[in-house]
């Protein structure tokens, strides 16, 4: 009996096509990646800021209500850039977290 090694070749990923009403196959749109705030400057720089999404990602706040309750207890207020843009100074947030650890 002769043994042969099975070789599986991986194919390149092909876009999935959805059936269209005209009978022609149309590509399914790909959802864009979510944008996250990119760090600016050294990690402990006085000019480094976090957005609300960064606070959530680090489990500092769980939602906006949690943020507002913590602000009543002295959590740093954001720096408003106009419109809806608000940035939280990293140094102030870290200081508050250390002071309020339980």
Expected output for the stretch 76-89 (first residue at negative phi, partner part of a loop (DSSP other than H, G, I, E, B) and exposed (fewer than 10 other Cβ atoms within 10 Å of the Cβ), Cβ below 8 Å, 6+ apart or cross-chain) is none
Expected single match for assigned to a loop (DSSP other than H, G, I, E, B) and modelled with pLDDT under 65 among 41, 74 is 41
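The values are calculated or read from the model by the stated rules, or taken from the named source; none is laboratory data. In this text, all values refer to a predicted model and were calculated from it rather than measured experimentally. Glycine also receives a Cβ, built like all others from the backbone with ideal geometry; neighbour counts cover every protein chain displayed.
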